[in-house]
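Before any comments, here is the structure.
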Amino acid sequence: MFNQRNRQVMGLIILFLSFVFLFSAPFQHWMQIPNEIRVAPGMQTHLEFSLPTTATVVTKNPDVVQINGEISKSIAVDLSKPLILTSREQGETELAIEVAGFPIKKMKVNVMDDVRVYLGGQSVGVKLMSNGMMVVGHHMVDGKEKKHSPSLERIKVGDMILKINNQDVTSIQNVSKLVNQYGSSGKPLLITIRRDGQIMDVEVTPVFDVKDESYRLGLYIRDSAAGIGTLTFVHPQSKRFGALGHVISDMDTGKPIDTANGHIVHSRITAIQKGEHGQPGEKYASFVNEDQPLGQIEKNTAFGVFGSVHGTIKNEFFSNPLPVALQEQVEVGPAKIYTVIKGEQVEAFDIEIVKVIPQKYPSTKGMIIRVTDPKLLKETGGIVQGMSGSPIVQNNRIVGAVTHVFVNDPTSGYGIHIEWMLKEAGIDIQSSSLHKRKAS
């Protein structure tokens, strides 16, 4: 009985001590230290173990990172003080923290390359040609016997028409020509479409329109789209650019435009509709020198439009390329955005980064920002349409771009981490290599 009671008491004591240890500050600090750490060039990272003991840090590759200012494969450290990692050169290494010969923590350290880009901020006109003809609606055809739309049950709004009778369609005029060419036979046309990523063939018999005296499919189609946005960056070595920070969708269907080609041009802001509660504002602009495009668009993705510029585009606030920031370097606090609200003049405006959202996977909503600049609030009410892509700079690093406005609060919105836009542009911040990708 006595031994059983002692065991119960000892069990309770061990349980209590374990509970205390699990919720102690040292254990919490230890648990918060990640298994993999990314470090920017010249960046210091402080790791808090808060353990009252000494340890040995074993480094596989001391050329990549130094520990507490020392360069060695094995370094004695005091874990009651911060462990300071300082990047030396691009690459990877592994650290093992050992106490009395037993490893208590292993970490992979990845020192990123020193990627720098020219800052954007310029207002740009965006012109996209879709990869096929997008169906945006149906209409009735005045046939000889009745009015009806021959495509209504076969082709849906949002479908992309790719071919007619195995011939590629290249324009709205080309579609009309093919429909009339084959429609007179009275046989169904074989129409190749893409729907939700799937390629399929459907048969539709055109109807002869007695008013227009031509054959019709009863479809409204569109082959292009145009709008304005803001240039985010230009990579000096590859001439790759990124803009907008979000996908361009068709205004009628709401579906992303699968672009075959397109280009960006100079644009001039002519007026601003201020944003209000429940009503996003908007920039009004005119295209300038459309026959002299700034660059070629190759991709329209969830993270913006990307392609190559034809010449040099610079932001007059920064004559040299700016270093890009990792997510880990973005801080809650003051920052600036660069955008145009009148004419073609890029201006700097104060904002506050309210929240930083760490992300393992790409997403357009990586930070919450709030406009604090009195001039921008007076002129625009905050974030307006056309401001998407405006670069965000903090501590002389480009950290991201404006993407979305809060409808119920035009002073606030979301920003995207710059690394996701760089990745979409084919620029790998881990090696600064340019990956050639087929435009989607």
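The values are calculated or read from the model by the stated rules, or taken from the named source; none is laboratory data. The model shown is predicted, which means the values in this text are computed figures rather than measured ones. Cβ coordinates were reconstructed from backbone atoms using ideal geometry, including for glycine residues, and neighbour counts include every protein chain displayed. Please note that ligands, DNA and RNA were not included when accessible areas were found on the heavy atoms of the full protein model with its side chains. Shrake-Rupley method; radii C 1.70, N 1.55, O 1.52, S 1.80 Å.
Tabulated data for the structure shown
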| item | result |
| --- | --- |
| Selection within segment 123-156 - out of contact with any Phe, Trp or Tyr (no Cβ under 9 Å at 6 or more places or on another chain) and open to solvent by 30 Å² or more (accessible area, probe 1.4 Å) | Met129, Asn131, Met140, Glu145, Lys146, Lys147, His148, Leu152, Glu153, Arg154, Lys156 |
| Test for Ser363: is it touching a strand residue (DSSP E or B) at 6+ places or on another chain (Cβ under 8 Å) and open to solvent by less than 10 Å² (accessible area, probe 1.4 Å) | no |
| Residue under evaluation Gln394, criteria (1) modelled with pLDDT under 95; (2) within 25 Å of Glu36 (Cα to Cα), criterion not met | (1) |
| Flag for Ile297 being open to solvent by 20 Å² or more (accessible area, probe 1.4 Å) and either among the polar types (S, T, N, Q) or closer than 29 Å to Asp258 by Cα (or both) | no |
| Given (1) at pLDDT below 90; (2) within 10 Å of Ile221 (Cβ to Cβ), index of the condition Ile161 fails | (1) |
| Residue pairs meeting the criteria (Cβ under 9 Å; at least 6 apart or on separate chains; first among the basic types (Lys, Arg), in segment 380-409; second part of a strand (DSSP E or B)) | Arg397/Leu322; Arg397/Pro323; Arg397/Val324 |
| Selection within segment 157-178 - in a loop (DSSP other than H, G, I, E, B) and open to solvent by less than 50 Å² (accessible area, probe 1.4 Å) | Gly158, Asp159, Asn165, Val169, Ser171 |
| Evaluation of Thr45 against (1) surrounded by fewer than 20 Cβ atoms within 10 Å (Cβ to Cβ); (2) modelled with pLDDT of 85 or more; (3) in a strand (DSSP E or B) (one fails), failing number | (2) |
| Pairs with Cβ under 7 Å, 6+ apart, first in segment 197-218 and under 22 Å from Met160 (Cβ atoms) and among the charged types (D, E, K, R), second open to solvent by less than 60 Å² (accessible area, probe 1.4 Å) and assigned to a loop (DSSP other than H, G, I, E, B) | Arg216/Pro206 |
| Per-region count, segment 226-256, residues within 16 Å of the chain's Cα centre (by Cα) and more than 27 Å from Lys342 (Cβ to Cβ) | 5 |
| Criterion violated by Ser238 - all others in (1) surrounded by fewer than 24 Cβ atoms within 10 Å (Cβ to Cβ); (2) over 25 Å from Asp114 (Cα atoms) satisfied | (2) |
| Per-region count, segment 345-360, residues surrounded by fewer than 16 Cβ atoms within 10 Å (Cβ to Cβ) and of a type in the set (A, V, I, L, M) | 3 |
| Top-ranked residue of segment 324-335 - restricted to ones that are open to solvent by 80 Å² or more (accessible area, probe 1.4 Å) and modelled with pLDDT of 95 or more, ranked as farthest from Pro236 (Cα to Cα) | Val332 |
| Residue that is most open to solvent (accessible area, probe 1.4 Å) [pool: residues in segment 51-107 that are outside any strand (DSSP E or B), closer than 23 Å to Ala40 by Cβ and among the aliphatic types (A, V, I, L, M)] | Ile71 |
| In segment 115-147, residue nearest to Pro391 (Cα to Cα) [restricted to those that are part of a loop (DSSP other than H, G, I, E, B) and aliphatic (A, V, I, L, M)] | Val115 |
| Lone qualifier among Glu145, Glu92, Glu98 - being closer than 30 Å to Thr205 by Cβ and among the charged types (D, E, K, R) | Glu145 |
| Residue satisfying all of: in segment 250-286; among the polar types (S, T, N, Q) and open to solvent by less than 50 Å² (accessible area, probe 1.4 Å); nearest to Lys156 (Cα to Cα) among these | Thr253 |
| Residue match in segment 294-304 (condition: closer than 21 Å to Glu419 by Cα, in contact (Cβ under 8 Å) with a residue 24 or more places away in the chain, among the β-branched types (Val, Ile, Thr) and assigned to a strand (DSSP E or B)) | yes |
| Residue tally, condition within 23 Å of Val330 (Cα to Cα) and modelled with pLDDT under 80, over segment 49-87 | 1 |
| Filtered residues of segment 238-270 (kept if at pLDDT 90 or above and of a type in the set (S, T, N, Q)) | Ser238, Ser267, Thr270 |
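Per-residue answers, yes or no, for (1) outside any loop (DSSP other than H, G, I, E, B); (2) surrounded by fewer than 23 Cβ atoms within 10 Å (Cβ to Cβ):
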position	(1), (2)
Lys378	yes, yes
Met387	no, no
Ile392	yes, no
Val402	yes, no
Gly415	yes, no
Glu419	yes, no
